[in-house]
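Novice: If you scroll down you'll find the structure; I have some questions about it.
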Amino acid sequence: MRKKKLQSFLTTLGQPMVSVTIALLLGAVIIGLSGENVFKAYGVMLKGAFGDGYYLSSTLSRATPIIMGGLAVCIAWRSGYEAMGGEGQMIFGALSAAIIAYYVPVAPFLRTVLAMLGACLAGAVYSVLSGWLYEKWRVTFIISTLMLNYIANYVASYLTIYKLKDPEALDINASQTGKIMEAARLPRIFKAYSLHWGFLIAVLCVVLVYILMNKTEFGYKSRMNGFNSRFALYGGINARKMLYMVMILSGVCAGFGGSLEVLGSKYRYIDQMIFNTGYAWSGMVAALLANFNPIGTLVASILLSGLATGGAALQRSTSIPVETVNMIEGVITILMSVKLLNLISVRYRHTRKKEGGEKQ
Amino acid sequence: MIFELRNITKYYGDTLANDDISIHLNEGEILCVVGENGAGKSTIMKILYGLEQPTSGEILVKGQPVRFRNPSDAMAHGIGMVQQHFMLFESLTVAENIVFKREPRRGPLLDKKAMLAAVSELSERYKLKIDPSARIENCPVGLRQRVEILKILYQNAEIIVFDEPSAVLTPIEVEALLQTMKELAAAGKSIVLITHKLNEVMAVADRIYVMRSGKLVAERKKEETSTDELAYLMVGHHPATREIPPVKTGETLLATEELSLHKDGRDVLSKVSIHVDGGEVVGIAGVSGNGQSELESVINGLEAPTGGKVLLCGRDVTHESVHTRRELGMAHISEDRFLWGGAVSGTLSENAIMAKEEREPYNHKGFLRKKKITEYAGSLIERFSVKASGPDSLLGELSGGNAQKLVAAREIMMETPVLICCEPTRGIDIGASDFIHNEILNKREKGDAVLLISSELSEITTLSDRIYVMFEGKIVGEFNRGAVDEKALGLLMLGGKIDA
Ligand SMILES: Nc1ncnc2c1ncn2[C@@H]1O[C@H](COP(=O)(O)OP(=O)(O)OP(=O)(O)O)[C@@H](O)[C@H]1O
Ligand SMILES: [Mg+2]
């Protein structure tokens, strides 16, 4: 029994690993073709991602919003709703957190808490909107959420440029909100490194979501709904309640992720900050890679984040363009969308069962 | 010899589904494969059809060794299969499904006229009535079956494998189908038929293979055997005959009052009033597609009627949710185990606990207790002899009949005052059907009410204390046990009249 658990944990870890490895191999070919030393290039990348405290800490803090975006996808997709609205929800979460922490005149600690709650609420409301569009008008999630993402980004741009621009920098041509006071920020874990408590909070969220999805009645119901929504109806599960609960939870995760990024890293909302970094999309890739397992999503998020920070290092110290790294991430995305990994995991599961069976 | 399978062995993980099986088929022959649930019948045919790869062994078609990587390979060698679980596109029409991949075209476009003509011609030639422009998603299982059969016939296969094709057809339709098979065989096509119904075997087979636990245990010529012997070979003992003692009926536990349902411009149900009392098994006989599925889903709360009432244990539940009805005391074996009755990607535990997930001891303050649930699933598996490696295996890994057993077990063990059974023994072998019938009768003896909707007439006539006959959404007859024979019922089901 113990062995089985360990193995299933390894499969979770194994899935993102395999796909990243394949992508890195393809990346090696590309790097090789462009005439660089592959080992040296990857050495630089590895060091630039996980090499020392400084790099590791920036990888982990970059991973924070990705993890939360990934959790949002895990919750929705495992329940059978192919929602992709994490980006919009994260944008409104980040913006709400930045506004609340900057403007609300209460004690700093309360500002932090209110900013987080506000971000959760913003994410949830925006997510529920797409749920409502689906329930009322049968607008497919893929369409509604993608549209809502654009709307969120432009609304946030408008607000940061025209309405909520940093009052201390009105003359500077920067579209961003005011900087949050130091006492209201999420503190760093180590003084010298950028890693902040938000990362640990995100890890805690991973554990909570894991428990929610695997150990609770809600998790069971949502999983059955994802497997076969007719079966869920037939068994007496309230489809409407399920839809909104899932949308709320998923939106809370994404919105909260936005607040962690603002409170822990940027200390303000900067126009396009979520849109340009593609955090929500990396989160989605991470969740797909991990087959919507929260713990796998955590691992995959860190890997994807490492790919980005390592890629930046690669560009700094070699002539390899950052696009190569983008290509690697692109390959990963393609790999998971063709469900190659799913196939591998099914095969693996069968061999695993065989081993487990012999012991009984 | 048109095809031959030599020493086929197939493992699924550590389950041995086929153990060194060698079988062959002669040209123009009708071959039957019989055996218990999980014996490996579907597996061996899936291997022949390219849906599964054998672990070892070889396939020869017309003496030539071949390898089928997928069903298209098999089709290219003239092998077609009517699956046990339908593989149709829900959102396409009947005709589109039938011609799929071989559409008649005019230029690059689908030639609708030619398609409809071809499909109608086919449906008339084989006496399989369908509406070519109906959408599959609106078709009940009985019709879907017909579409599957027509699809294979349309592809002009030389070898046609039928995996339990008659499970949802009425006796008259089955007779027509068997006749079709004979005609096809006479025309030189070769046919393999997997079935649990031994009378069908005796009606059409030239030769019979009996399988048990993955092995081939016997081969018989039709003339050399009997249903008794086959049954014995399959299960290893002779089936017991059963006495059904009369039970005193109690108050009405389930009733409908003038239930109507208007859908897609027609009355699928019109003024259906039925009642089922405690201690009573009430059967609904009818050709599938005459409103039984709709009656089922209106009674269990999946569909709202346009008029009339549903009464459960004396309460008007017409506007109550499925959840409330289940809490009040209704359980329901769905007509389709994979469409409604279960989740193939879920484990047996997850499938077993549905509708009990909110109850102690399985749920404690919102947290599920895995141990209790596994124990419960284990008890269902054991009691109903579901052949599976354990509560953690997936429902989709079970053989058709075993999946059905699990669904039936779950609903029977809800121990509710009202049980709705739709095709409860669909695809289940003789031994296990007897077991499930006994469980249904036990419920009746306990004073519970059972509504039995089945396209298998013998099931209805042996179990029911009272029978309603449905035709085109109406109740056209009501009989007490023994007051009517299968022939007369069959006639009524087709809209005929019986002389009083
Ligand atoms: N995809 C699968 N994965 C794992 N085990 C499987 C799978 N398909 C079938 N099996 C197992 O192989 C065995 C044979 O199954 P098969 O479907 O061939 O039975 P069958 O004779 O057709 O039974 P039935 O009469 O119930 O349809 C069963 O024990 C079943 O659990
Ligand atoms: Mg089968």
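Derivation of every value follows stated rules applied to the coordinates shown; laboratory data play no part. No experiment lies behind these values; they were computed from the predicted model shown. A quick note on method: Cβ atoms are made from the backbone with ideal geometry, for glycine too, and the neighbour counts reach across all protein chains shown.
Novice: Within chain B, what's the longest stretch lacking GluC sites (Glu not before Pro) that sit in DSSP loops with no more than 13 other Cβ atoms inside 10 Å?
Specialist: Segment B:252-414 is the longest.
Novice: Can you give me the orientation-averaged projected area of the convex hull built on the Cα atoms of segment B:339-414, in nm²?
Specialist: Over every viewing direction, the Cα hull of segment B:339-414 projects on average to 4.6 nm².
Novice: Report the relative contact order of segment B:3-235, percent, no decimals, based on alpha-carbon pairs under 8 angstrom and at least 6 residues apart.
Specialist: 29
Novice: Ordered by residue, what ³J(HN,Hα) values in Hz, to whole numbers, does segment A:294-303 give under the Karplus form 6.51 cos²θ - 1.76 cosθ + 1.60, where θ = phi - 60° and Gly and Pro are x?
Specialist: Here the 3J(HN,Hα) series is x, 5, x, 4, 4, 4, 4, 4, 5, 4 Hz.
Novice: Considering chain A as a Gaussian network with a 10 Å cut-off on Cα pairs, which listed residue, A:CYS253, A:CYS205, A:CYS120, attains the greatest mean-square fluctuation?
Specialist: Maximum fluctuation in the GNM of chain A, among the listed residues, is at A:CYS205.
Novice: So what are the protein assembly as shown's ellipsoid semi-axes, whole angstrom, largest first, if each one is the square root of 5 times an eigenvalue of the alpha-carbon gyration tensor?
Specialist: Those come to 56, 33, 25 Å.
Novice: Over all directions, how big on average is the projection of the convex hull of the alpha-carbon atoms in chain B, in square nanometres?
Specialist: Answer in nm², one decimal: 24.8.
Novice: While we're on this one: Among B:PRO361, B:ILE98, B:PRO424, whose Cα sits farthest toward the positive end of the charge dipole of chain B (+1 at Cβ of Lys/Arg, -1 at Cβ of Asp/Glu, about the Cα centre)?
Specialist: B:ILE98
Novice: Follow-up question, since we're still on this one. Based on the alpha carbons, how large is the Rg to Rh ratio for segment B:253-294 when Rh follows Kirkwood?
Specialist: We get a ratio of 1.02 for segment B:253-294.
Novice: Could you pull the Cα extents of segment B:3-235 along its three principal axes, largest to smallest, in whole Å?
Specialist: 50, 37, 32
Novice: Using every alpha carbon pair in segment B:1-132, what percent of pairs falls into each 10 Å bin from 0 up to the bin containing the largest distance?
Specialist: Result, from short to long distances: 11, 33, 29, 21, 6, 0 percent.
Novice: Which far-off residues, 5 or more places away or on another chain, put their amide H under 5 Å from the one on B:PHE3, with H placed in the peptide plane?
Specialist: The list, which skips near neighbours in sequence, is B:LEU25, B:LYS62.
Novice: Mind checking the dipole of segment B:339-414: about its Cα centre, +1 per Lys or Arg Cβ, -1 per Asp or Glu Cβ, Debye to the nearest 20?
Specialist: 180
Novice: Could I ask something else about it? Between B:LYS474 and residues 5 or more places away or on another chain, which pairs have amide H atoms under 5 Å apart, with H built 1.01 Å from N, and which residues are they?
Specialist: Correct list: B:SER270.
Novice: Under 19 Å between alpha carbons, and skipping anything fewer than 8 positions from B:LYS309 in its own chain: which aspartates and glutamates qualify?
Specialist: Counting by Cα, and skipping residues close in sequence, B:LYS309 has these aspartates and glutamates nearby: B:GLU251, B:GLU257, B:GLU258, B:ASP267, B:ASP277, B:GLU294, B:GLU296, B:GLU320, B:GLU327.
Novice: Could you size up the charge dipole of segment A:164-279 around its Cα centre, putting +1 on the beta carbon of Lys and Arg and -1 on that of Asp and Glu, and report it in debye to the nearest 20?
Specialist: 540
Novice: While we're here: Convert each backbone phi in segment B:455-461 into a coupling constant with the Karplus relation 6.51 cos²θ - 1.76 cosθ + 1.60 (shift: θ = phi - 60°), then list the ³J(HN,Hα) values in order as whole Hz, x for Gly and Pro.
Specialist: 8, 8, 4, 5, 5, 5, 6
Novice: Amide H of B:ARG207: which non-local residues (sequence gap of 5 or more, or other chain) have their own amide H closer than 5 Å, using H built in the peptide plane?
Specialist: For B:ARG207, the qualifying residues are B:ILE30, B:CYS32, B:LYS222.
Novice: Quick one: Cα convex hull volume of segment A:53-352, Å³ per residue?
Specialist: So the per-residue Cα hull volume is 156 Å³.
Novice: Where the only charges are on Cβ atoms (+1 Lys, Arg; -1 Asp, Glu), what is the dipole of chain B about its Cα centre, to the nearest 20 debye?
Specialist: That gives a dipole near 920 debye.
Novice: What residue among A:LEU170, A:LEU298, A:TYR220 has its Cα farthest toward the positive end of the dipole of segment A:53-352, where the charges are +1 on Lys, Arg and -1 on Asp, Glu, each on the Cβ?
Specialist: So the residue furthest toward the plus end is A:TYR220.
Novice: Follow-up. Which one of B:THR461, B:VAL386, A:LEU263 has its Cα pushed farthest toward the positive end of the charge dipole of the protein assembly as shown, where Lys and Arg give +1 and Asp and Glu give -1 at the Cβ?
Specialist: Result: A:LEU263.
Novice: Output the relative contact order of chain B, whole-number percent, from Cα pairs under 8 angstrom with separation of 6+ residues.
Specialist: After rounding, I find 16 percent.
Novice: Residue by residue through segment A:42-59, which ³J(HN,Hα) values in whole Hz follow from phi under the Karplus form 6.51 cos²θ - 1.76 cosθ + 1.60 (θ = phi - 60°), with glycine and proline marked x?
Specialist: 5, x, 4, 4, 4, 5, x, 9, 10, x, 9, x, 5, 5, 4, 5, 6, 4
Novice: In deg cm²/dmol and to the nearest 500, what is the mean residue ellipticity at 222 nm of chain A if only DSSP H runs of at least 4 residues count, each as -39500 (n - 2.57), divided by the residue total?
Specialist: Estimated from H runs of four or more residues: -25000 deg cm²/dmol.
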